[in-house]
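A.B. asks: Handing you this structure, nothing more for now.
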């Protein structure tokens, strides 16, 4: 049984008044047409991931005719849910546009709202390949653990070479293409160093506590530090891989989550008040093919100066009949911060190279972030009675296809040989939804 909230939300009337409105967050006015989002919020949860009994309105071919049932979001995208939201906008699925992000664009897309943090404009725009079809479907879906995912659906998505789509918000985000999803440029869900109040989608933010002993946020939050003796640096956060211990300490950020990314969650933040944010959680779905010749990255943020621990890498879930990766998928941990007021650690890199920890010629350096075959964050150093923060651990990468085998000739970090990367099959049977 489904429930869709079609009431007033953030100024968009979904009942019977204003049917369509341009999204201020996607451009004051997109020159090629209106970008329209739904304000529906579903209350379905899934009790299974690969099968079970589907609802009577689940659809024979999956939501939007994808041909399968995407993980985490299928229960909130039943045929009746989709019809209700589209009807509230006075559009059909055939009206959904082909998003085309060019090098001249600099868009930021929020998982939890279609308006950019109350500013009224993101100073960016979304272009569409055809002005006749320039609509975008947005809703939130409740996962099996009760958390939400912000879902955007277009007919197709293209991030052109040289272009970057930045993602943020308190929920994980799902980007769905009814046809194909192409990434020749960059999709970035990496945490910021220092944290500026805009966390990657679903990533845990840096702690607001000013205590040196404060642990990072999230299930794998980095351990807090100490001023006793020579001190203990903030620990790096864990996710798939453990966080590195802060200099002078031995505690590490714990591991959590599941390799199939059901439910999908983001990375945790590093220890003490200067810890780095966790990497974001991004689900990319296509009814045709996902092609990545560019970069999709969800790195943990580096620990800030003052021996902050690095954030753990986030989560990347790709689902389509065919997935072809010649570029880079990365969910690396951030480097730990150095002692004192020297250099913070680097955020997780979009490569198989570890994010460097911060350095200090007069004190201890931070530990490296995870990368490649090394899934744990590096330990912070102890030097000259100072300590550095630990590096963040690796996140997860999961790819589901019809055959259960993706075409990957590019770079995966963490590496495909680790337990942090896995492959599976898309679900052909509707999940059991409460």
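The values are calculated or read from the model by the stated rules, or taken from the named source; none is laboratory data. Just so we're clear, the structure is a prediction, and the values are computed from it rather than from any experiment. We place every Cβ from the backbone using ideal geometry, glycine too, and count neighbours over all the protein chains shown.
A.B. asks: Within region 307-336, can you find the residues that are part of a loop (DSSP other than H, G, I, E, B) and over 29 Å from residue 273 (Cβ atoms)?
C.D. replies: Selection gives 320, 321, 326, 327.
A.B. asks: While we're here: So which residues in region 381-415 are part of a loop (DSSP other than H, G, I, E, B) and either more than 19 Å from residue 255 (Cβ to Cβ) or without any contact (Cβ under 8 Å) to a residue 12 or more places away in the chain (or both)?
C.D. replies: 381, 384, 385, 388, 402, 403, 404, 405, 406, 409, 410
A.B. asks: Another question, then. Picking from 293, 259, which residue would you name as being surrounded by fewer than 24 Cβ atoms within 10 Å (Cβ to Cβ), modelled with pLDDT of 95 or more and over 24 Å from residue 72 (Cβ atoms)?
C.D. replies: Being surrounded by fewer than 24 Cβ atoms within 10 Å (Cβ to Cβ), modelled with pLDDT of 95 or more and over 24 Å from residue 72 (Cβ atoms) holds for just one of 293, 259, which is 293.
Condition check ((1) at pLDDT 95 or above; (2) within 23 Å of residue 262 (Cβ to Cβ)) across all residues:
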position	(1), (2)
349	yes, no
358	yes, no
361	no, no
375	yes, yes
383	no, no
391	yes, no
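A.B. asks: Does region 425-434 contain at least one residue that is farther than 30 Å from residue 80 by Cα and in a strand (DSSP E or B)?
C.D. replies: Looking for residues that are farther than 30 Å from residue 80 by Cα and in a strand (DSSP E or B), one finds none in region 425-434, hence no.
A.B. asks: When you go through 277, 283 one by one, which is the residue that is closer than 25 Å to residue 148 by Cα, part of a loop (DSSP other than H, G, I, E, B) and modelled with pLDDT of 95 or more?
C.D. replies: Being closer than 25 Å to residue 148 by Cα, part of a loop (DSSP other than H, G, I, E, B) and modelled with pLDDT of 95 or more holds for just one of 277, 283, which is 277.
A.B. asks: Further question on the same structure: On the basis of being within 24 Å of residue 312 (Cα to Cα) and either free of Cβ contacts under 8 Å to residues at least 40 places away in the same chain or out of contact with any strand residue (DSSP E or B) (no Cβ under 7 Å at 6 or more places or on another chain) (or both), does residue 162 make the cut?
C.D. replies: no
A.B. asks: Of all residues in region 79-106, count the ones that are touching a helix residue (DSSP H, G or I) at 6+ places or on another chain (Cβ under 7 Å) and touching a residue at least 60 places away in the same chain (Cβ under 8 Å).
C.D. replies: 1
A.B. asks: If you don't mind, another one. Tell me which residues, restricted to region 363-373, are assigned to a loop (DSSP other than H, G, I, E, B), at pLDDT 95 or above and either buried (at least 24 other Cβ atoms within 10 Å of the Cβ) or more than 20 Å from the chain's Cα centre (by Cα) (or both).
C.D. replies: Those that are assigned to a loop (DSSP other than H, G, I, E, B), at pLDDT 95 or above and either buried (at least 24 other Cβ atoms within 10 Å of the Cβ) or more than 20 Å from the chain's Cα centre (by Cα) (or both): 364, 365, 366, 367, 368, 369, 370, 373.
A.B. asks: Being surrounded by 24 or more Cβ atoms within 10 Å (Cβ to Cβ), touching a residue at least 24 places away in the same chain (Cβ under 8 Å) and either touching a helix residue (DSSP H, G or I) at 6+ places or on another chain (Cβ under 7 Å) or in a loop (DSSP other than H, G, I, E, B) (or both) is true for just one of 248, 216. Which residue is that?
C.D. replies: The unique qualifying residue is 216.
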